[in-house]
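What follows draws every value from the coordinates through simple rules; no lab data is involved. All values derive from a computational prediction rather than experimental measurement. So basically every Cβ, Gly included, is an ideal-geometry build from the backbone, and we count neighbours across all protein chains shown.
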Amino acid sequence: MGCYKRLTLQNREDIALYLSHGWSYQAIADQLGRAVSTISREVARNSEKFEYRASLAETRTKRRRYRQERRLDSNSCLRAWVFQRLRWYWSPQQIARKLKDEFPDDATMRLSHESLYTYLYVLPRGGLRKELLRYLRQQHKTRRKRSQGADRRGKIADMISIEERPAEVADRCIPGHWESDLIMGANNRSALGTLVERSTRTVLLVRLREKTAVAVRRAFARKMKTLPQQMRLSMTHDQGIEMTEHKLFTKATKIQVYFAHPHSPWERGTNENTNGLLRQFFPKGTDFNEVSDYQIRRTQHLMNGRPRKVIDWKTPYEAMQELLH
């Protein structure tokens, strides 16, 4: 449910006390460890005759939350829209934000992500509750365990280090720069290739029949050649031996490959984060040899059709379209 924490009654009593002593919103925010916008909104919503009262604020907040939760029961259009996005694996925060964009002038089509979480968890036990909760992401994500064995540097000939990558890649100011990796299947016997564009967060999933360097090079090249030339500038990979044929890949695609330092997943943070999200669709223990092409295409479509906070709540599809037109 994210790291957001609602203001408590004690927080509201503190706000009332600090206001009575003439504290500024910024000073109160610093004292409570909150954003100043949280304090200003709280006071604006819950003041009466220019006076803020903690008990009144608590009562009003509970009443608003209850109305929002029940709105899903009474508003069939809102309920259908929200449930459809849940089935597309959108998070409650993405749903709440996109409602404002899709229905800017319709106040009945509003729902906070906190209210949606509450609504889902208080649904009566049954098929609908079980189904909808299944679409929520795991609350405790962990990164894929990295190899802690011997350093693999030196096994790939003619590597170009990430340190030599142009500044425009780090700045994300020019599209066409990708990060790549493999998600490993059960017992490391199968794998799925993942490619993520750094500026639009567009995801490409690559079917791999084998994990050999030849198979990876051919599959990645085939996938990248489906893109316009201006979207094929560079690719950053870790030092896995599956990329030993990087020079042939570059010759075939004109895409320069850069290599991150060993055991440094933060240097490909966009790809690492995406791999974590993909585990919602392909949990650990998945045998990718048993996953259909349809499942891979559908997952790619769902990932690219979800609004992302990091790109101002656009979907990767929308961000990519803006760049290509």
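Per-structure values
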{"read-out": "Surrounding net charge for Gln84, when Lys and Arg each add one and Asp and Glu each subtract one, Cβ distance under 13 Å", "value": "+3"}
{"read-out": "Mean Cβ neighbour count within 10 Å, used as a protection proxy, ranking 111-119, 280-288 highest first", "value": "111-119, 280-288"}
{"read-out": "Correct option for Cα Rg over 2.2 N^0.38 Å [calculated from the coordinates] among [x] 1.21; [y] 0.92; [z] 1.03", "value": "[x]"}
{"read-out": "Set of aspartates and glutamates with alpha-carbon distance to Lys309 below 14 Å, sequence-local pairs under 8 removed", "value": "Asp101, Glu318"}
{"read-out": "Surrounding net charge for Arg298, when Lys and Arg each add one and Asp and Glu each subtract one, Cβ distance under 14 Å", "value": "+3"}
{"read-out": "Neighbour net charge for Arg201 - beta-carbon separation under 15 angstrom, K R +1, D E -1", "value": "0"}
{"read-out": "Of Lys284/Lys314; Lys155/Lys314; Lys211/Lys254, those spanning more than 32 Å from alpha-carbon to alpha-carbon", "value": "Lys155/Lys314"}
{"read-out": "For Phe281, distant residues with modelled amide H under 5 Å away", "value": "none"}
{"read-out": "Reachable aspartates and glutamates from Lys223, criterion Cα separation under 17 angstrom, eight or more residues apart if same chain", "value": "Glu179, Asp181, Glu197, Glu210, Glu242, Glu245, Asp293"}
{"read-out": "Antiparallel bridge percentage (DSSP; both residues within the chain; nearest 5)", "value": "65"}
{"read-out": "Difference of contour (0.36 nm per residue) and Cα-Cα distance, Tyr121 to Tyr294", "value": "59.2 nm"}
